[in-house]
Ligand code: SF4
């Protein structure tokens, strides 16, 4: 059963209880709703890397910061197909395609992404996209192409979000999620811990996610991977205990959701990951890179699965495969919309400092 009225206080009480009690409670909830020995494996593919106009303080793909990310234009459909086949043969059931865009714009590149979605769905894999903000019509076009999930993270609580990003508003994130909900595409939305937020912010993010009705089918929990040049480069890494507590709490407040261990897994021991699986994590990203940050090798993951007696979940276990409508049969056409997504533009000192440093470094070269 889903509860949509969790309060921050209740969530903090769950999060802060003695660890053994928390683990027991989370594992018990997990076993009611899921097979505890199955974990869904996704491969994240950066189909367009770098050069993003946004100022997300954690992201090496933001053009304004000085990071050594190599930018790439949009991949071709055949490149994506080859990568998807590789992912499938190494046990992934889902391909998640990420493009470093503020929002989707109707046009040639979006048509190319739609073709990628059709191609991967025809390989009988779940397809997910994370392309920034989208309109209802764009969500419908993705659904028609056979998209299984759309990812759009809330990142943190509404209050702390303002300390990390100034180029777009929390309400736009929610509007995109609501546009996705107008289709049969499932929602993937989570956040990052370790950005300097406090426990109230972590609880606040879980209040925001759990109050969505229905709750997101997938909730990624990322641990910040601080990257040189970004405003959050100096943040201390979160401990495994914080990750375990966050995963367990997420599991309890969103019992039916797939809780995904995402960025930051390279820093976790096998024992730490096993605790997260016990606490209710039942989805991981595979592949040696997560967009631009390192991730454990697929073989290492499969060894860990063997050690723990886990098996990769088959595609479409939770929801049946969507149908793909080919481009020439499509009911929805591009509308050429120019939605007015917000741009709060408030000052975030550390973002400005990182931008200035990057400017200075560029002029030196
Ligand atoms: S997180 Fe996404 S929107 Fe933000 S800067 Fe990175 S690529 Fe752009």
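The values are calculated or read from the model by the stated rules, or taken from the named source; none is laboratory data. All values reported here derive from a predicted model rather than from experimental measurement. Cβ coordinates were reconstructed from backbone atoms using ideal geometry, including for glycine residues, and neighbour counts include every protein chain displayed.
A count restricted to the range 38-65 and to residues that are over 23 Å from residue 108 (Cα atoms), in contact with a helix residue (DSSP H, G or I) (Cβ under 6 Å, 6 or more places away or on another chain) and either more than 14 Å from the ligand (Cβ to nearest atom) or part of a strand (DSSP E or B) (or both) stands at 1.
Looking at 159, 144 in this structure, which one is over 18 Å from residue 342 (Cα atoms), touching a residue at least 24 places away in the same chain (Cβ under 8 Å) and either away from the ligand (no atom under 16 Å from the Cβ) or outside any helix (DSSP H, G or I) (or both)?
Details: 159 fails: over 18 Å from residue 342 (Cα atoms).
Of the residues listed, the single one that is over 18 Å from residue 342 (Cα atoms), touching a residue at least 24 places away in the same chain (Cβ under 8 Å) and either away from the ligand (no atom under 16 Å from the Cβ) or outside any helix (DSSP H, G or I) (or both) is 144.
Exactly one residue among 122, 182 is out of contact with any helix residue (DSSP H, G or I) (no Cβ under 8 Å at 6 or more places or on another chain) and surrounded by fewer than 22 Cβ atoms within 10 Å (Cβ to Cβ), and that residue is 122.
Considering 100, 87, the condition of being modelled with pLDDT under 95, out of contact with any helix residue (DSSP H, G or I) (no Cβ under 8 Å at 6 or more places or on another chain) and within 13 Å of the ligand (Cβ to nearest atom) is satisfied by 100 alone. Summed over the range 112-131, the residues that are within 16 Å of the ligand (Cβ to nearest atom) and either farther than 24 Å from residue 319 by Cα or part of a strand (DSSP E or B) (or both) give a count of 3.
Check the range 237-253 and report whether any residue there is touching a residue at least 40 places away in the same chain (Cβ under 8 Å), surrounded by fewer than 18 Cβ atoms within 10 Å (Cβ to Cβ) and either within 30 Å of residue 361 (Cα to Cα) or out of contact with any strand residue (DSSP E or B) (no Cβ under 8 Å at 6 or more places or on another chain) (or both). Lay out the reasoning, then the answer.
So in the range 237-253, the residues touching a residue at least 40 places away in the same chain (Cβ under 8 Å) come out as 237-238, 241-253.
Still in the list and also surrounded by fewer than 18 Cβ atoms within 10 Å (Cβ to Cβ): 237, 241-242.
From the residues that got through so far, the ones that are either within 30 Å of residue 361 (Cα to Cα) or out of contact with any strand residue (DSSP E or B) (no Cβ under 8 Å at 6 or more places or on another chain) (or both) too are 237, 241.
The answer is yes; a qualifying residue exists.
Please find, among 109, 10, the residue that is modelled with pLDDT of 95 or more, within 16 Å of the ligand (Cβ to nearest atom) and surrounded by fewer than 18 Cβ atoms within 10 Å (Cβ to Cβ).
Working: 10 fails: within 16 Å of the ligand (Cβ to nearest atom).
Unique residue meeting the criteria: 109.
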